[in-house]
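Asker: Got a structure for you, written out below as structure tokens; questions coming shortly.
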């Protein structure tokens, strides 16, 4: 990377990143700040049960847009395991989620985009008991629900389900067990 490119990259990252939550977001509404940092994940289910394949990934979260948003990057397989070779269809993720507090809804607007496979999802996130539940749709209109459960300072379980065409059955699309990176 030449000096001009390095300067542009530093300018972009400095403009995007934020040191913390914006003053206009009350601590009681801060659903996602606890995620800030880097996480390793075990992929348990990704369209099918993949526990036996021992797939891993990584997730990085940070405050962005002057602390008005929490953004992440979900990566599967991990960057260390990405060699540029074509991957098995459906098992390549390098996407980002943008979560923005909407005071008129008193909820978070959530947008996920994975340019690797063209996935784009829109949801609204709220706390339900000790969990974070995000409800919305895939780009094709299919109802979806994404959940952060079993939340601790150092771990969480993330599941994503979609409503089947019968309008009754919820099918598991993804399940990940995440552990916070230390150091």
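The values are calculated or read from the model by the stated rules, or taken from the named source; none is laboratory data. As the structure is a prediction and not an experimental result, all values here were calculated from the model. Cβ atoms come from the backbone with ideal geometry, glycine included; neighbour counts cover every protein chain shown.
Asker: Scan the range 10-34 residue by residue and report those that are touching a residue at least 40 places away in the same chain (Cβ under 8 Å), part of a helix (DSSP H, G or I) and within 27 Å of residue 162 (Cα to Cα).
Answerer: Residues satisfying the conditions are 29, 34.
Asker: Which members of the range 66-122 meet the condition of being surrounded by fewer than 16 Cβ atoms within 10 Å (Cβ to Cβ), in a strand (DSSP E or B) and at pLDDT below 95?
Answerer: 119
Asker: A further question on this structure: Looking at residue 56 and the list (1) within 22 Å of residue 155 (Cβ to Cβ); (2) buried (at least 17 other Cβ atoms within 10 Å of the Cβ); (3) in contact with a helix residue (DSSP H, G or I) (Cβ under 9 Å, 6 or more places away or on another chain), which single condition is not satisfied?
Answerer: So residue 56 meets the others, but not (2).
Asker: Please give the number of the condition residue 128 fails out of (1) surrounded by 14 or more Cβ atoms within 10 Å (Cβ to Cβ); (2) under 28 Å from residue 23 (Cβ atoms).
Answerer: Failed condition: (1).
Asker: If you take just the strands (runs of 3 or more DSSP E) that sit entirely in the range 129-183, which of them hold at least 1 residues that are farther than 23 Å from residue 101 by Cα?
Answerer: 155-163, 170-180
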